[in-house]
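Sharing a structure below in structure tokens format, with a few things to ask.
Coordinate-derived values only; no laboratory data. Because the structure is predicted, anything quoted here is derived from the model rather than measured. Note that each Cβ is placed from the backbone with ideal geometry, even for glycine, and that neighbours are counted across all protein chains shown.
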Amino acid sequence: MAVRVQAEDFDVGAELARLTDGNARIGGLAVFVGLVRERHVRDGYHQDRIEALTLEHWPGRTEEALAEIEAEARRRWPLDATLIVHRHGRLVAGERIVLVAVGSPHREAAFEACGFLVDWLKTKAPFWKLEETPEGERWVESHAGDEEAAARWDKPGKA
Amino acid sequence: MKIRYFAWLKRRVGVAEEDVTPPPEVRSVGDLVVWLRTRSPAHAEALAEGGAFGAALDRRTATFDTPLGEAREAAFFPPFTGG
């Protein structure tokens, strides 16, 4: 039941402990950690080396959007704990970008809601990535695959 | 009203935000984009026709058809790429 947007790194173990401590209703915790990948695959085969990226966001609106996405997940699944921590600013390859954790009495709801949150935050929260490559800076373009992944949760009857 | 730009739109326009007073005939988001293009060559390039960018009015998603109404802030941005 929390969303945070911050420049500093997060401690996954400490975050998860804080999320579940004192809440014995949770039977399963599904966790996603997004990292800065050192290679960017373009056109399906061409790979560019990524030294770092800078995440720009819309302060205020970003937190609102994440809270809306979180609320939607809680409408769809019986969840006892949710946490989204997303970093902004300059991050080098290998650094953590985002943490999504979902606790539920049952694992199916936790897995599904975690996937939903990751898919939706990629397309519905105002973040933009600027990559640093040996050839210079480049804004990351949105992927049709991300839109499709987000849209699969629009199907009627899903959860 | 206040106009906000993000990511490459901000780089191209050269400012993160600006205060503007569009004329009364500017009634929709689409009208606003067409009018903003006339402010400078940088605006024209950033907001060029066919560009892949979205808009929000008072922080709510808008399309080019959305009436400006009493909105105090418009934002323009590329598709989101977080996560």
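With r as the distance between the Cβ atoms of A:ALA24 and B:GLU73 and R0 = 35 Å, compute the FRET efficiency 1/(1 + (r/R0)^6) and round to 0.05. Walk me through the intermediate numbers first.
Numbers: r = 45 Å, r/R0 = 1.29.
The computed FRET efficiency comes out at 0.20.
What FRET efficiency would be calculated for the residue pair B:ARG59, A:GLU72, taking the C-beta separation as r and a Förster radius of 25 Å, to the nearest 0.05?
Numbers: r = 17 Å, r/R0 = 0.69.
E between B:ARG59 and A:GLU72, to the nearest 0.05, is 0.90.
Give me the tail of P(r) for chain B as a percent: Cα-Cα pairs with distance above 23 Å. Could the numbers behind the result be given before it?
Numbers: 374 of 3403 pairs.
When all Cα pairs of chain B are counted, 11 percent exceed 23 Å.
Here is a further query. Show me the trypsin sites (Lys or Arg not before Pro) within chain B that DSSP assigns to loop and that have at most 14 other Cβ atoms within 10 Å of their Cβ.
Numbers: sites: B:LYS2, B:ARG4, B:LYS10, B:ARG11, B:ARG12, B:ARG27, B:ARG37, B:ARG39, B:ARG59, B:ARG60, B:ARG72; in loops: B:ARG27, B:ARG37, B:ARG39, B:ARG59, B:ARG72.
Answer by residue number: B:ARG27, B:ARG39, B:ARG72.
Explain nothing, just the number: relative contact order of segment A:2-154, from Cα pairs under 8 Å at least 6 residues apart, as a whole percent.
Dividing the mean separation by the residue count of segment A:2-154 yields 32 percent.
Counting only helical runs of four or more DSSP H residues, what would the 222 nm mean residue ellipticity of chain A come to if each run contributes -39,500 (n - 2.57) and the total is spread over all its residues?
-10000 deg cm²/dmol
OK, next. Which GluC sites (Glu not before Pro) in segment B:12-83 sit in a loop by DSSP (not H, G, I, E or B) and have at most 11 other Cβ atoms within 10 Å of their own Cβ?
Here the sparse-neighbourhood loop sites are B:GLU25, B:GLU49, B:GLU70.
Work out the FRET efficiency for A:ASP11 and A:HIS106 from their Cβ-Cβ distance, taking R0 = 41 Å, and round it to the nearest 0.05.
Here the calculated transfer efficiency is 0.95.
Still on this structure, I have one more. Across peptide B:57-70, what mean number of C-beta atoms from other chains lies inside 10 Å of a residue's C-beta?
The mean count of partner-chain Cβ atoms within 10 Å per residue comes to 1.
Are there GluC sites (Glu not before Pro) in segment A:90-146 that DSSP puts in a loop and that have at most 16 other Cβ atoms within 10 Å, and which ones?
Counting only loop positions with at most 16 other Cβ atoms within 10 Å, the GluC sites (Glu not before Pro) in segment A:90-146 are A:GLU95, A:GLU135, A:GLU141.
Next question. Sticking with the crude label model, points 7 Å out along Cα→Cβ, report the distance from A:ARG90 to A:LYS155 in nm, one decimal please.
Calculated label separation equals 4.3 nm.
Continuing with this model, one more query. Please report how many Lys pairs in the protein assembly as shown have alpha carbons closer than 23 angstrom, counting only residues at least 8 apart along the chain or sitting on separate chains.
9
Given labels modelled 7 Å from the Cα in the Cβ direction, how far is it in nm from A:ARG49 to A:GLU147?
3.3 nm
At a threshold of 8 angstrom on Cα-Cα distance, excluding pairs fewer than six apart, so keeping six or more, what relative contact order does chain B reach in percent?
38 percent
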